[in-house]
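Data block below; observations after.
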Amino acid sequence: MVSSLGLVRGCGSCEGMGVISIVGVLIVVSLLGTTIWVEGYPIEDLVVRLPGQPKVEFKQYAGYVDIDLKHGRSLFYYFVEAEHDPHNKPLTLWFCPVLYCTVLYCPVPTVLQIKRTLWLNGGPGCSSFGGGAFTELGPFYPTGDARGLQRNSKSWNRASNLLFVESPAGVGWSYSNTTSDYSTGDTTTANDLLSMIKTC
């Protein structure tokens, strides 16, 4: 499974920010073995159309997954179906970890190259939704006048379903009602993501 993905260390400004803990590696491997079905997203999370979005044929979902009800911790997600035949396409999972910047990636995704892609964005504090989804590999870019969206001709949803997760709580639109949840590390971040994946 892991051998089908490339491993790259370092990403410019976050170089040397730490290493993945053993627990983190085990959880990441567990995530890679997990399948998320397109049919599994709640209908109430269906995004009919984003403001200024051009017409598209694929579905999008966005919402919150409750991770810890006692502390009121929830992670925000944005899911984009593959342009064609989403039920037979792989899943790309993109999230922003807190203390390291190792990425598992496939630079030019094609159905033949990847089964699953796990992208760990540098951080801390980097939004997967604002950064990854709308400036890098998502289906849309802001228009030049910032008054709408245009299609990203190189979007990874041409070859894969995409799942962007704002992680850990406190990044982007993810939140917690417990202040101490905003002080986190690799283990908590990985456990929260595993809980989220199991919920989906």
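The values are calculated or read from the model by the stated rules, or taken from the named source; none is laboratory data. Small disclaimer: the values here were computed from a predicted structure and weren't measured. Glycine gets a Cβ as well: all are built from the backbone with ideal geometry, and neighbour counts include every protein chain shown.
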- Only residues that are more than 19 Å from residue 127 (Cα to Cα) and at pLDDT below 95: list them for region 58-71, please. 68, 69, 70, 71
- Quick one: in region 152-179, of everything that is in a helix (DSSP H, G or I) and touching a residue at least 60 places away in the same chain (Cβ under 8 Å), which residue is farthest from residue 84 (Cα to Cα)? 156
